[in-house]
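Just below is one structure, and these are the notes that go with it.
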Amino acid sequence: MFDLKPEIRVMTREQIQKVHNDALLILEKTGVMVDDPGARALMEKAIGKSHGNHPIQIPREFVQRAINSAPSEIKIFNRLGNPCFTLKGDGSQDAVFGIGVTNLNYQDPLKNDIQPFYRHHMAAATGLGHCLDNFDFISTPGVIQDISPETADLYGVLEMMANTTKPLVILISDWDSFNPALDLCEHLVGDISTHPFLIPYVNPITPLTLNAETTMKMDASIKRGLPLIFSNYGMSGATCPITPAGTLALLTAELLAGLAYSQLVKEGSPIILGSQPAAFDMKNAGSFYSPNTLLLNLACAEMMTFYKIPHCGTSGSGNGWGADLLASTTLCINHFTSCLGKAGMIPFVGGSFDSLVFSPEFVVYSDDVIHQSRLFGSGFSLDDDAVGFSDISSVGPGGNFLLSDLTGKYFKDSLFSSTIWPFLTLDKWRGKGEPTAEKILKDKTIELLNNPAAPEDKDEIISKGESFLTN
């Protein structure tokens, strides 16, 4: 009753209803393209109207049925079958974070250079996420460059399976590898649907296109009983209207179209929805996150809460050149607001240079930012016991609370809490040779990479998986 818990709300009920109505209007008047003939036939049959090769216009009652049938809670487990977290559509859950995603390069903290993303980088990145306590799951960190494209996705999934027991968000670039990747996972652990730890990630083509690979991957995931993430990436002024209102309405319409399709494939299918709204720099022809787009992320999360659908949002990565000041601004705003808003999953932490380069230092820094944000979001109690009337009375005017009962009980909770940097006075800092914050972060990252806490069955998983892939 007297617990203080900070939160951010960005929209009123009336504003949420306005965005919902705008999204429905887009679906009814403009519609969506559905590229795969099978998916198109399924939607046209359900709607009762053929659209030829034109966009399919989706009636609002059709969307509402999908909203009503999708589950509002999804339980996620680890590879060992133990519960990890529950994704809640009512927005009551704490935000959960994962590393990622599909970077083509790797920023080596030891050599301080940028290299193509190789198989051993996949193992290192996954292992890093495994040992950092504030990451709840692992998303595909990169695209392996030293293995043929035909099997790179499969070996990537194998390295993820072997180097962590945490839940996995998997991004498979090639449709031909999608079912084989799921076959590999079933071969390694058996049943993957009863206690789901795999969450396939799919995305439409913005604006308003359900491309064939996306709907086929949705079909395959749903038929295997897996929850899936349907998330769109929109650049305001390029693939979305340049105004925040237009971007939010368009992206919401796309998410509702994906939701509607998922419930057509199988009513009650677990799905996680969300957007990654970005700005587009027309001068340099690149995308980036800004304060406005991070605000849109919170608005999208509140829309999903309105629908009671679990949410997946932005991760604040991409703007920097590694773990630097440029990256830290966006990262801190994203993680802090995600912990205080209605955000659900934050899946793609660790990318820099517009998500082309995976930075281990950035991941370690992010772990600390998540830790600090969660501490802020946890709030505090205002109960009488927490006030400490007895201590105040016994200490009285002019005293101190260094040896009071409450101080003895809680002093460890108030210690300097960084997961990376020590608390140093000026004299102690000078005594340590005046280290820079960057040097301490780099040393911490290298230590973690050099001493991975691999799962006990790592070698067994690798051996079993390689045998499967070579036969």
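Rule-based calculations on the coordinates, nothing more; no lab input. Since the model is a prediction, treat every value here as computed from it, not as a measurement. Don't worry about glycine lacking a Cβ; one is built from the backbone with ideal geometry, like all the others, and counts go over all protein chains shown.
A few notes on this one:
- Sorting 377-383, 67-73 by average packing, meaning the other beta carbons within 10 Å per residue, from highest down gives 67-73, 377-383.
- Long-range amide H partners of Ser381 with built H, under 5 Å: Leu4
- DSSP-assigned coil residues among trypsin sites (Lys or Arg not before Pro) in region 387-471, each with at most 12 further Cβ atoms within 10 Å: Lys432
- Among beta bridges that DSSP assigns inside the chain, antiparallel share in %, nearest 5: 40 percent
- With Cα atoms, 0 to 90° folded angle of helix 244-265 axis to the chain main axis: 60 degrees
- Taking the DSSP bridge list for region 122-239 and keeping only pairs wholly inside it, about 10 percent are antiparallel.
- Once the Cα atoms are used to define both axes, helix 437-450 deviates from the longest principal axis of the chain by about 70 degrees.
- In sequence order, calculated HN-Hα J values of region 284-290 (Karplus, 6.51, -1.76, 1.60; Hz; x Gly/Pro): 9, 6, x, 9, 7, 8, 9
- CD proxy at 222 nm, helix term only [per DSSP H run n ≥ 4: -39500 (n - 2.57); per residue of the chain; nearest 500]: -14500 deg cm²/dmol
- The angle between the Cα long axis of helix 291-307 and the main principal axis of the chain comes to about 70°, on a 0 to 90 degree scale.
- Region 381-436: chymotrypsin sites (Phe, Trp or Tyr not before Pro) in DSSP coil with no more than 10 other Cβ atoms inside 10 Å: Phe416, Phe423
- Under the combined filter of DSSP loop state and at most 14 neighbouring Cβ atoms within 10 Å, region 46-151 retains these trypsin sites (Lys or Arg not before Pro): Lys49, Lys111.
- Once backbone amide H atoms are built at 1.01 Å from N, Phe85 has Ile76 as its partners under 5 Å, excluding neighbours fewer than 5 places away on the same chain.
- Cα-based Rg of region 301-356 normalised by 2.2 N^0.38 Å, two decimals: 1.22
- Using the Karplus relation 6.51 cos²θ - 1.76 cosθ + 1.60 with θ = phi - 60°, the per-residue 3J(HN,Hα) values for region 425-434 come to 6, 4, 5, 5, 5, 5, x, 8, x, 6 Hz, with x marking Gly and Pro.
- All lysines inside 22 Å of Lys439 as judged from Cα atoms, apart from same-chain residues fewer than 8 positions distant: Lys111, Lys428
- Amide H contacts of Gly234 (H built 1.01 Å from N, under 5 Å, at least 5 apart or other chain): Gln276, Ala278
- Inter-part distance where region 245-313 and region 157-224 are each reduced to a Cα centre, Å: 20 Å
- Rounded to whole Hz, the Karplus (6.51, -1.76, 1.60) HN-Hα couplings of region 213-226, x for glycine and proline: 4, 5, 5, 5, 5, 4, 4, 5, 5, 5, 5, 8, x, 9
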